[in-house]
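Novice: Below is one structure. I have some questions about it.
The values are calculated or read from the model by the stated rules, or taken from the named source; none is laboratory data. Treat the numbers as computed from the prediction; the structure is a model and nothing was measured. In this analysis, Cβ positions are derived from the backbone assuming ideal geometry, glycine residues included, and neighbour counts consider all displayed protein chains. With ligands, DNA and RNA removed, areas are computed over all heavy atoms of the protein, side chains included. Shrake-Rupley method; radii C 1.70, N 1.55, O 1.52, S 1.80 Å.
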Amino acid sequence: MRPWERVHHMQLSFGGIAATLVALVVVLFLRRLLPEGKRNRGKAPLFFLVLALLLRGAAIAADAAFAPTAFAILNFLTLAFLSFGISGVVDMLLFDILLSRTRVRVSKILRDLLQAAAFFFIIMGVLKQSGVNLLSLVTTSAVLTAVIGLALQSTLSNLLAGLALQVDQAFGIGDWLQVGQRTGRVTQMKWRTMHLVNKDGDMVIIPNAELVRSEVINFSRPTSAHRMWLRVSFHYRHPPNEVKRVLLSCTRDVAGVRDEPAAECVPLQFADSSIEYALRYWIDDFQQDERIDGELRTRIWYAAKREGLEIPFPIRTLYMNQVTSIEASVQEQQEFLDRMDALARIDLLGRLDPSERELLAEGMRRVKFAAGEMIIRQGDPGDSLYLIQNGSVGVRLSVDGAQKEVAALAPGDFFGEMSLVTGEPRTATCTAKTDVTCYLVDHASFQRLLDARPKIADEISSLLATRQVELASRQRGLSEEAEARRAADARSRLLARIRDFFHLG
Ligand code: CMP
């Protein structure tokens, strides 16, 4: 190499070093502009630039005059890495700094594609400068083209599908999707695949091309509201309106069931041995669908039992249960004694003599509630008294929208007496804290008792008044004196109300 050529090479080498150093300083500066979590974005350009710098040093050391091949290779690599580094800087500046400050959002796949295209053209350019025309090699060699084409076929179709999905924006990270038989929440959308995590916590990987081909249901769009269907069958003898009322009441206050749009219930079909109903209700959180469905089915079982609705067995099931008449009467007698015992356990009715208690016990029936079910709602009309046999019941008061639990009732306690004796709307909300079994005393049985012995109204009203004032005093911290005054007032008000309600004159 002649001396001036040598000088020219040295100028080129040092010019390259200067350009690399400038690019390095720019990367370091730009990284500081990135938000804390995105700082590692600058790592790749930094890596390429440092590599270019080292290779440039090695090229200078190789010296074109003494090792021309090594010099040429090192020069080629330096140029390639420098170009990669600079394209990385441009990418960072454009997408992470400039566009992130505007409203324009570029999908990751598009960004990766642009970067890959930049790398491709850089390699082509650098190779061309070194005298190799890779493009013409590829386009003129039919075999090579076919090999590359076949190898990339599925990758490219997935990649293009991924791009189409990103452009469509039909779903995004966090959405709940159903693709074929698979359901899950989108956690990642990649070049070739999309990752879902299903309800069992397992990852499902679906190629993008499959997503484009198949029908996809997005449970999170247009809104997170999703309508659920619960199918249940009841015996033909139950009137549909009665069944609908019971089923709809089961959706009240179930955590996760939306009030709006309201739940609805329709008879779906008259089947061989039953009428099939669909209870349709709306939820917000698709992840909770199975829990809510299970909760509702539990409530439906309890409500059906209480209301005497039969969920029939398929007609071909032979249900053989022979209960002899003696066994049946023993069982009936035992149940009657249990009811008498339950009545004797509460102060409100414990003072009745056995014959009076029998009047009530005859009309009593046992009802069960699932944990969490609302038994009585404040403000609703009602005329039944509940005696708790098993479980615990919470009493909640709503005052101007604020809610407060005022009592927790246990076996032996009772509730619902206020509406039973006054006919006024329920004064509080009573909810089953655990699974609860109660005996229910209805208005008709109570009427029979009062008809038989009207004086009972007197006793009950003073007992109730004491209870009412006790409860009120607990809430408001009334003094002893005020309590007595209130008791007297409450007693006469209640007595008048009971007399009026039961037409006792
Ligand atoms: P009732 O008004 O028929 O329906 C709600 C029931 O909750 C009510 O009868 C009482 O039995 C019960 N209740 C109301 N307030 C209280 C309270 N402060 N403590 C205990 N039970 C209550």
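Novice: Show log10 I(q)/I(0) for the range 171-314 at q = 0.17, 0.21 Å⁻¹, two decimals, from a solvent-free Debye sum over equal Cα scatterers.
Specialist: -0.92, -1.15
Novice: Here's something else I'd like to know. Taking every Cα atom in the range 239-311, find the radius of gyration and the maximum pairwise distance Dmax, and write them in Å.
Specialist: Cα-based Rg and Dmax for the range 239-311 come out at 12.4, 36 Å.
Novice: Percent of Cα-Cα pairs more than 18 Å apart in the range 152-196, please. Write down the numbers at each step before the final one.
Specialist: Numbers: 279 of 990 pairs.
Within the range 152-196, distances greater than 18 Å cover 28 percent of Cα pairs.
Novice: How many lysine pairs are close in the chain, with Cα atoms under 24 Å apart and the two 8 or more places apart or on different chains?
Specialist: The result is 12.
Novice: Would you kindly derive the ³J(HN,Hα) couplings of the range 397-409 from the backbone phi angles with the Karplus curve 6.51 cos²θ - 1.76 cosθ + 1.60 (θ = phi - 60°), listing them in order in whole Hz, with x for Gly and Pro?
Specialist: 10, 10, 10, 6, x, 7, 10, 8, 7, 9, 7, 10, 9
Novice: For the chain, give the magnitude of the charge dipole about the Cα centre (Cβ charges: +1 Lys/Arg, -1 Asp/Glu; no others), in debye to the nearest 20. Walk me through the intermediate numbers first.
Specialist: Numbers: 60 positive and 56 negative charges, 550 e Å.
Dipole about the Cα centre, nearest 20: 2640 debye.
Novice: Would you work out which of MET203, ALA59, TRP301 lies farthest towards the positive end of the dipole of the chain, given +1 charges on the beta-carbon of Lys and Arg and -1 on that of Asp and Glu, about the Cα centre?
Specialist: Positive-most Cα among the choices belongs to ALA59.
Novice: Continuing with the same structure: I'd like to check one number: the per residue accessible area of the chain, probe 1.4 Å, reported in Å² as a whole number.
Specialist: On the way: 28760 Å² over 505 residues.
So the chain comes to 57 Å² accessible per residue, rounded to a whole number.
Novice: While we're here: What's the magnitude of the charge dipole for the range 103-250 around its Cα centre, counting Lys and Arg as +1 and Asp and Glu as -1 at the beta-carbon? Answer in Debye, nearest 20.
Specialist: Working: 17 positive and 8 negative charges, 104 e Å.
With Lys and Arg at +1 and Asp and Glu at -1, about 500 debye.
Novice: Across the range 450-465, in residue order, what do the Karplus-derived ³J(HN,Hα) couplings come to in whole Hz, using 6.51 cos²θ - 1.76 cosθ + 1.60 with θ = phi - 60° and x for Gly and Pro?
Specialist: 5, 4, 6, 8, x, 4, 4, 4, 4, 4, 5, 5, 5, 4, 5, 4
Novice: Let me ask another. In the chain, carbon and sulfur make up what percent of the accessible area (probe 1.4 Å)? Please report the intermediate quantities before stating the final value.
Specialist: Numbers: 16550 of 28760 Å².
Solvent-exposed carbon and sulfur of the chain make up 58 percent of the total.
Novice: Return the calculated 222 nm mean residue ellipticity for the chain, to the nearest 500 deg cm²/dmol, obtained by summing -39500 (n - 2.57) across DSSP H runs with n ≥ 4 and dividing by the residue count. Could the numbers behind the result be given before it?
Specialist: Working: 16 runs with 259 residues, N = 505.
It lands at -17000 deg cm²/dmol.
Novice: Can you work out ³J(HN,Hα) from phi for every residue in the range 99-113, in order, using Karplus 6.51 cos²θ - 1.76 cosθ + 1.60 and θ = phi - 60°, giving whole Hz and x for Gly and Pro?
Specialist: With coefficients 6.51, -1.76 and 1.60, one gets 5, 5, 8, 10, 8, 6, 10, 10, 5, 5, 4, 4, 5, 4, 5 Hz.
Novice: On to the next question. Please report, in debye to the nearest 20, how large the charge dipole of the range 321-408 is about its Cα centre when each Lys and Arg carries +1 at its beta carbon and each Asp and Glu carries -1 there.
Specialist: Working: 10 positive and 15 negative charges, 67 e Å.
With Lys and Arg at +1 and Asp and Glu at -1, about 320 debye.
Novice: Continuing with the same structure: Report Rg/Rh for the chain, rounded to two decimals, where Rg is the Cα radius of gyration and Rh the Kirkwood radius. The partial results should precede the final answer.
Specialist: Details: Rg = 40.1 Å, Rh = 31.2 Å.
Ratio of gyration radius to Kirkwood radius for the chain: 1.29.
Novice: Roughly speaking, what is the stretch gain from VAL22 to ALA72, that is 0.36 nm per residue apart minus the C-alpha to C-alpha distance, in nm to one decimal?
Specialist: Working: separation 50, 0.36 × 50 = 18.00 nm, distance 2.36 nm.
Value of the extension gain: 15.6 nm.
Novice: Then there's this: Find the centroid of the Cα atoms in the range 51-123 and in the range 191-226, then give the distance between the two in whole Å.
Specialist: 36
Novice: Moving on. How big is D for the range 359-505, in µm² s⁻¹ as a whole number, if Stokes-Einstein is applied with the Kirkwood radius of its Cα pairs at 25 °C and 0.890 mPa s?
Specialist: Values: Rh = 16.0 Å.
It comes out at roughly 153 µm²/s.
Novice: Counting just the Cα atoms, what span does the range 51-108 cover along each of its three principal axes? Round to the nearest Å and put the largest first.
Specialist: 55, 15, 12
Novice: Among 414-421, 453-460, how do they line up by average Cβ neighbours within 10 Å per residue, starting with the highest?
Specialist: Details: 414-421: 21.9, 453-460: 15.6.
Listed from highest to lowest mean packing, they are 414-421, 453-460.
Novice: Tell me the angle of helix 289-307 to the major Cα principal axis of the chain, expressed in degrees between 0 and 90 and rounded to the nearest ten.
Specialist: It is inclined by approximately 10 degrees.
Novice: Give me the compactness ratio for the range 330-444, meaning the Cα radius of gyration over 2.2 N^0.38 Å. Don't jump to the answer; show the numbers that get you there.
Specialist: Values: Rg = 14.3 Å, N = 115, 2.2 N^0.38 = 13.4 Å.
Here the answer is 1.07, to two decimals.
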